[in-house]
Structure formats: structure tokens, C-alpha cells
1. For region C:24-35, enumerate the residues that are over 16 Å from C:Ala68 (Cα atoms) and open to solvent by 30 Å² or more (accessible area, probe 1.4 Å).
2. Taking A:Val15, is it part of a helix (DSSP H, G or I), within 20 Å of A:Leu72 (Cα to Cα) and either touching a residue at least 40 places away in the same chain (Cβ under 8 Å) or within 13 Å of chain B (Cβ to nearest Cβ) (or both)?
3. What residue, of B:Val178, B:Val152, B:Val220, B:Val242, is touching a Gly at 6+ places or on another chain (Cβ under 6 Å), touching a residue at least 24 places away in the same chain (Cβ under 8 Å) and hydrophobic (A, V, I, L, M, F, W, C)?
4. Across region C:36-65, which residue is most open to solvent (accessible area, probe 1.4 Å) among those that are modelled with pLDDT under 90 and touching an Asp or Glu at 6+ places or on another chain (Cβ under 9 Å)?
5. Would you confirm whether any residue within region C:142-159 is surrounded by 22 or more Cβ atoms within 10 Å (Cβ to Cβ) and either modelled with pLDDT of 95 or more or within 12 Å of chain A (Cβ to nearest Cβ) (or both)?
6. In a loop (DSSP other than H, G, I, E, B), surrounded by fewer than 20 Cβ atoms within 10 Å (Cβ to Cβ) and within 26 Å of the chain's Cα centre (by Cα) - does that describe any residue in region C:115-128?
7. Looking for whichever is open to solvent by less than 10 Å² (accessible area, probe 1.4 Å), over 30 Å from C:Glu76 (Cα atoms) and not hydrophobic (A, V, I, L, M, F, W, C) here; the options are C:Thr184, C:Thr214. Which one fits?
8. Do you know which of the residues in region B:155-179 that are under 14 Å from B:Val220 (Cβ atoms) and open to solvent by 50 Å² or more (accessible area, probe 1.4 Å) is nearest to the chain's Cα centre (by Cα)?
Amino acid sequence: MLLYVLKRLAMTILVIAVTSVVAFLLVHLSGDPAAAMAGEGASAADIAAVRETFGFNRPIIVQYLDWLGRVLQGEFGRSYYLRMDVGEVLAERMPVTATLGVAALSFALLLSIPLGVAAALKPNTLIDRFALWLAVAGQALPSFLFALGLMYVFGVYFRILPISGGTSWVHFIMPSIALGYYATPAIMRLTRSGMMDVLQSDHVRTARAYGLSPWRVVIRHGLRHAIVPVVSLAAVQLGFMLGGSIIIESIFSLKGIGYLAWESIQRADIEVIQAILLVIATAYAVLTLLADLLNAALDPRIRIS
Amino acid sequence: MATVFKQPPPKMTLSPARVALRRAARHGSFWVGGTILAVIILAAIFAPLLSAHDPALQDLSQRYIPPVWSEDGSWEHILGTDNLGRDYLARLLYGARVSLLIGFLTILISGTIGTVLGVAAGYWGGWADLIINFVVTIRLTLPVVLVALVVVALVGSSLTLLILVIGLLLWDRFAIVVRSATQQLAQREFVTAARTIGSSTPRILFREILPNITGPLIVVASIELAHAILLEAALSFLGLGVQPPQVSWGLMVAEAKSQLLFRPWMIAVPGAALVLLIFAINLVGDAVRDVTTPEGKA
Amino acid sequence: MSTAPVLEVKGLKVDIPVADDVLHPVRGIDLEVGRGETVAIVGESGCGKSLSALAIMGLLPRSARLSAERIALNGESLTDASPRRWRQLRGDRIAMIFQDPMTALDPAYRIGDQMREILQQHRRVSRRAARERSLELLAKVGIPSPEERLSQYPHQLSGGLRQRVMIAMALLCEPELIIADEPTTALDVTIQAQILRLLRDIQRETGIGLILITHDLGVVAGMAHRIVVMYGGEVVEVGACDAVLGKPLHPYTEGLMRSIPVPGETRRGETLGFIPGIVPRQTGQLAQCGFIDRCPYAHATCAEGPIALREAGGGHLMRCVLPKDGSGRDPQAWIRDTEAV
């Protein structure tokens, strides 16, 4: 088991390293970073000055290694626009996005898992068809549309929820739903199919044969097994949500790193963009690692090998 | 004995493709999805015939005319006009063109990349598989929306770039599914048989492997088509996708965002079109999947 | 020992609706198990023996329809029992041991936890009391170092030990009846003998009724008091173990006996008999003998109508028109060179 953990850890580090290279190249080789940062209407002299200051004239490898060195020491550079240390800005905005992500995932799990279990217990009935229909509908609705729809219904029409800002937990309700529902179809389907399989298994038959209460059979002996792949999926979905937060945060004016990314892209604030790409990629890689480890811990069969 | 050969060969039994098509035809969702999709495609193709208006023509004297079903609406502008007086129906129809065009072109690119990688990984295994798996992992670790936004913002927005960026980003699922399908096929007898009779590798790939992965390939293509169209809509919504004077449904929603309070139909119309298109694609994809999965086969 | 039978079943039928038709995997069987009696149900796969067992336990799949004149456990009628009543009885008054102990136990929980779960479901016991009872039973089924086993997971035990654990679990609440469905099929031959001996000893000690379901006649001899032979959803022969094994009256039973090599008797190179054909269709009502397609003695009378069970003396019943005294049979009929069509 320890060997497995170490191997996965090493792989994760490698992935993060290579991803950082790819991200760096993408940012620095897309057009001219100096011209982008200097902005429209900047003179050639201005652009040259920016290039000089930020060292964009150096070979790309040197730029990368320099950046990498700084990052490994905890220095993410300076925001050109905000005139602040990037690390500080990120630390400021991170909690909002983290909260949004967790809330969104919680919403998705709270909705999909019970629905998946119910659908598996009564296949081809009303609840099953409803669950599957919900999944299909969920996949067809883009998050920005859903967000606008929620805003209209709850923010404008019924006026019971705020449509922007992030000062209280109420502000997170609509954004969480808008961000989280997209993971719902996948989680629901996986739970449903996993439950349907496990309910046919021999050990569930044994549990029933010993007169255990239906709740025990379904949850302790059924869901306990079916949920294992769902954990991995949930972690991966959380990673996707971090990437999708940019849209939701922009619509709801939540000051998280997604919104920061959006603002920085518009302002061509290279250092910030770079840092955010790294942070999100790292978060995704770590989440995937956690998912695999949780999988191994929960699945008794993997423990054996 | 010679007389046997003089007779015409017996009628060929239906190929798996024909069987699949027949079974798809009986699938309700195939028809619903297919019809909606066909309608949208035809509407896009025949846009100039369906609306006499130019989608980019601004007429500030005709701003914010509501659709025909409300009080001040008129048949002149069936779906009303937007903030710059442009006919909404025309914009909707031409927007369909953009969505479909971008969608199909991007999956052509991502499908090719993904299939090539997937077949290589699944057929040769070993190092090729390891490396390609690693590449896929890297791709998955990068947040798609963010990367697309960054590249488009820094390079400059054009339709070609948009198609390239999305196409170069959405190949991961293709690779994964094709790899898995190829792995299963590569172990089967007819591939071993082909190798035994000395077929060259490209021949095997083209004649044995590729025809047999079309099922899963179509299913993934439908998923990724929907994904590409949604991504373009999201990018356009954020202002970094399709640029005016070109039309995109995502762009229409963005421009109508400020009207959420007073004129929600301006958001609802392109929104509904988008949802309908994705829904139809998903239905068709689901039908193809149900028809081509092994348990479903007779 | 003139107490009421532990289990009484009359006219048990199981129907399963499929597509436009209905399957009849069990076509009306009678069964009786007395205190301290072992009844073996023998038959090939698909004859309905396992489904009958599930029916008796109230464990049929949702789509199956059960009907019976009478199902009674210790005199209590269960034909109209509620699901709640069934849940109370299962694991408590009537317990089942399954074929494959590897998959029958939940791999995610320790042995001790699974045993305690059963005890706490049916009795109000403390953790400690549950632990003591579990240890007591693990020791009784012959498991060495039971304390260790309690905190182990199923995959840490060998197949034979796992089956012993299953038997221990079945005994936790001192049931009146145990149904063992192919309890030794998944085990090594040497372990098989041990498990069977264990079951027999426990029965002698506690006087529980035991239903032993198997397709292996070798398992039956030495274990069962009575044998019930099933074919095509029906009981085709019933009788005392020695009577049925010594003088099989139904052609199917005879065929089964003929197809087993007997250690010490069957010589190398000797052809074994076999019963040609496959399991019969389960749809439609039987309008003739169910075994007619595979029986070497089949003749016109066999096709005239459904065959009823006939008493052949001493509690030995058979569902056949052939003479009750065992004449008219030819053992060589089972030895053929090729499959007759």
C-alpha cells in the first residue's frame, strides 16, 4: 500500500511539473506577452520597456526556469495591474473559490446520490425515469444559461436571493447550484448503475437472507460498495468545477480566483494568469491523487493487492 | 462441382451497420433527436431563405422591438430586435450556422487527434500506451475554459483560431474511448488471423480495427460535439469567442444579459435554441450508444 | 418425537412473467422436513431446487410470483406473511447457507461485525454479549483461534473456513431450519467432507431440520434421511435415502445413479451412462411426462397426460407409469454410443 501511495505521489508531481511547462509555454508563446501587457495604443517604446522589465526577451527556457525557481520558493511574481504580490492576491481570493467548489460539489452529491439509489431500487418506474430525464436535461443546459435562469427566477422574479456579491452564505446558494448541477448527471448515473450491480450481488443476497432491515441492506451492504467509484468521480468533478468557476464567478460577481482569472485575462496580467493556471492544475492533480488514494482505502479488494 | 459456382452467391446477411441502423430506427429518441437536429441544420443552411433580414444590420430606430406574440410585436420582426435594432430571428438562424460549423469542424480535428492517439495506444500498448496516457493526463489537468480564454485573449480572436483551439483541446475523450475499444479488438481472433496471413499493420488498422470502433466513436463524437458547441457558446458569452459582426448564440446571450430584468425573452430565445440543439445531439448519441453496446446486440 | 414438522410445504408454485409469456420454474412441489431430519433436494441446474429454497425463505426476486397451498414453519402459516414477518423470520428461525462463501460474505466488513449485525437485528444484545455468542459459535464450527477471526476480513480466510463462518452465522439465533444450497460445491473435495460432517454433527446436537440442496449424489449418501428428486420444476421421486439410492424408481434418478463412477466398482474404460438432452422448456403447462424426451423407457402412455405422483410403498413416491416394484428397467439403457435423437 505504501508503495502504491509513493508511486502515485511521484506521478502527480511529474504531472504537475509537465503541466506547468505546458501552461507556461501557452501563456508566453501566445502572441506577444509584452504587447498584450502594454495594452492597446501602446507605443513601440512602451512595449520594449515592458519586454525589458519582465525579461520576455530571454530564451523561453531561461524564463521558465527562472519562474519555476521563484515558484518553488513561494514567489509567484507581481501583478502588473494590481501592483500586488500575486501570492497575496491568490490567498485573498482562494477561500471564495474553495467555498464555492465545495458547496457546488455538496449540492451535486446531495442531489445525485439519493436519486441514483432511489432509481436503482425501483428501476423503470416513475422515479427512475425522472432521474434519467433529469440527467439528460442537466447535460444539455450550459452553466451560464442555468446561472442566468436561476438569477431570473430567484433573484429577479421572486427576489429571495441576492444576485451578486459574496459577503454571506446566502450569496453562495445560486452559484453553487449553477456550478454543481453539471456534475449531477454523471454522479447520478454512476450511483444508479453501481447500485443496480451491487443489489444483485451475493453478499446483498446474504444480507437479505438474514433478515437485515432494508435500510441496512441498501446502505451498509449496497451503497458502501457502489459509492467507491463515485468518490473518484466526485473528486475529478471538483477539479472540473474549479475550471468552470470562472464563468459562474463572473456572472455572480464572486471575488474568487475564477473571477480574478477573468479580470487578469482581460488585462493581460501575465504573472497572475500564469499563477492561476498552475494553481488550478495543481488542485486538479492533487484531487485526482486523493480520489485514487480514497478509492484504494475504501475498496477492500485493492487493499489486498 | 462446377455448377455450384455458377449459381449466384446467397444473399448477404445484414452487416452490423445495417442491423444497428435498423435497431436505431426503432428507438424513439433517435427519431426525436434526429428530427430536431435535422430541422436545426436545415434552418441554418436555408437561413437566407427563412429570413430576409441581415443579422448584422443595425437600425437604431428599430431597437428592442418585442417578438410577435407580445403587444407591440409585429410580423416584420418575428422574434423582435435586439439592442442595436438587429433582427433576432436572422441572428438566431445565422448563429445556428456558427454553432454547427464550429461544432463539426472542431470534432473533426479533435476526433482525428484522439483517434490516432487512441489507436496507437490501444494497438501497440507498451511504451506508446504509457506516453499517450501521460499526455492525456496532462491534457486533463489543464482547465479547458481557462486555457481557451488565455490563448484567444493573447493571440486575438478569429474564427479559425477558435476552431483550432477548441479542436486541440477536446480530443481526450476520443483518445480514451478509442484506446479502450482498440485494446479489446486487438485481442480478438480476426485481428490475430489477419496478422497470421501477413497483413501489414496499416492494413489491419484500416480494415479490421477502424470499422469496428465506429460505434463507440460516434457516441463519443456526439458527446464532444455537444461539448464543443457549449464551449464556444461559453467563450462567446464571455466575449472571447465569436466576435461581431459574426453571430453566435453565446454572444446573443451576452449582449442580452443586461436585459435580464426587463426583456428576458432576449436571453431565453438563443438559450432555448442552444439547449434544444444539445438535447437533440445527446438523444441521437444515446440512441447510437444503446444500439451499439454489446449487451444490446441480438 | 411426534412433534409437528419443522417445515410443511404443499403445492408450491413459482411463476415468472417474461415478455409475452410466463415461465414455470417450479410447478407445484410438496415438501416436509421433520425435527432433526435432513432432506436432500437433488436435481440438475434449472430444475427449480434453488428457486424453491428462495421461495421458502421469502427471497424470490421482485418479478416472481409465488403461490402455495401451504407453507408453514413450525405450524405458523406463511402463505400470506407480510414482508416484515419474513424479515423477522429470516436469520432467526430459518437460515440459509449459500454456495460460494467467497462472495456471500461482504468483503468490506470484518467477520465479527457481520455476525454482530445479525445478532443485533434479531435480539437485543450488547456488543459484548454478541461477541461472546459469536466466539462460542466460531469455536463450535471448529474454527481455530476464533478471537483472531472475528477481527479479520473475509478475504483473509480460506474457502473452508469461510464456509464454516457461514454455518456459524446461520446458527447464531438457533434457527429451527437451515437450508444449505450447494454448500460444498465451491470447496475442495477434502474440505467438502469436513463441512458435511460438521453439518451432520450440528444437526445431531441441536435437532434442527436441514434441507440440503445439491446436484451431487455423492454428497447425499451418508447425510440425508430422505431424498427429494426434482426435475423440470416437479418432484419426480421422494423417499428414504437408502430406498431411493438403492432402488431408484424414476428413470431420471436411475440415470443419475448410472452416470456416477463408483469407486471400487466402475472399471477403467467402462462407459459411463449419461442422460442425453437438455433441461426442458419452462413455459406452458405440462400435458405429458416432463422427462419423456430424455427417457429410454418412454412409450405411448407417457404422452397421454400429466403424470401424477404414485405411492410405491414405505413413503417412496414416484412420478412415473413404470411398475412400482422396480421391474421393467434396464440399466444398460443408459449406456449409449451416441446421442439418440
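1. Keep residues of region C:24-35 that are over 16 Å from C:Ala68 (Cα atoms), which gives C:33-35.
Hit for region C:24-35 is C:Arg35, nothing else.
2. Working: part of a helix (DSSP H, G or I): yes; within 20 Å of A:Leu72 (Cα to Cα): yes; either touching a residue at least 40 places away in the same chain (Cβ under 8 Å) or within 13 Å of chain B (Cβ to nearest Cβ) (or both): yes.
For A:Val15, the condition - part of a helix (DSSP H, G or I), within 20 Å of A:Leu72 (Cα to Cα) and either touching a residue at least 40 places away in the same chain (Cβ under 8 Å) or within 13 Å of chain B (Cβ to nearest Cβ) (or both) - is met.
3. Details: B:Val152 fails: touching a Gly at 6+ places or on another chain (Cβ under 6 Å); B:Val220 fails: touching a Gly at 6+ places or on another chain (Cβ under 6 Å); B:Val242 fails: touching a Gly at 6+ places or on another chain (Cβ under 6 Å).
Answer to the check: B:Val178.
4. Within region C:36-65, the match that is most open to solvent (accessible area, probe 1.4 Å) is C:Arg65.
5. Yes, region C:142-159 has at least one match.
6. Residues of region C:115-128 in a loop (DSSP other than H, G, I, E, B): C:123-126.
If we keep only those that are surrounded by fewer than 20 Cβ atoms within 10 Å (Cβ to Cβ) too, we end up with C:123-126.
Adding the requirement that they be within 26 Å of the chain's Cα centre (by Cα) leaves none.
For region C:115-128, residues in a loop (DSSP other than H, G, I, E, B), surrounded by fewer than 20 Cβ atoms within 10 Å (Cβ to Cβ) and within 26 Å of the chain's Cα centre (by Cα): absent.
7. On the way: C:Thr214 fails: over 30 Å from C:Glu76 (Cα atoms).
Selected residue: C:Thr184, the only one of C:Thr184, C:Thr214 that is open to solvent by less than 10 Å² (accessible area, probe 1.4 Å), over 30 Å from C:Glu76 (Cα atoms) and not hydrophobic (A, V, I, L, M, F, W, C).
8. Start the filter on region B:155-179 by keeping residues that are under 14 Å from B:Val220 (Cβ atoms), which leaves B:170-179.
This time we only want the ones that are open to solvent by 50 Å² or more (accessible area, probe 1.4 Å), so: B:173, B:176, B:179.
Numbers: B:Arg173: 13, B:Ile176: 17, B:Arg179: 20 Å.
It comes out as B:Arg173.
The values are calculated or read from the model by the stated rules, or taken from the named source; none is laboratory data. Values in this document were obtained by computation on a predicted structure and should not be read as measured data. All Cβ positions, glycine included, derive from the backbone under ideal geometry; neighbour counts span all protein chains shown. With ligands, DNA and RNA removed, areas are computed over all heavy atoms of the protein, side chains included. Shrake-Rupley method; radii C 1.70, N 1.55, O 1.52, S 1.80 Å.
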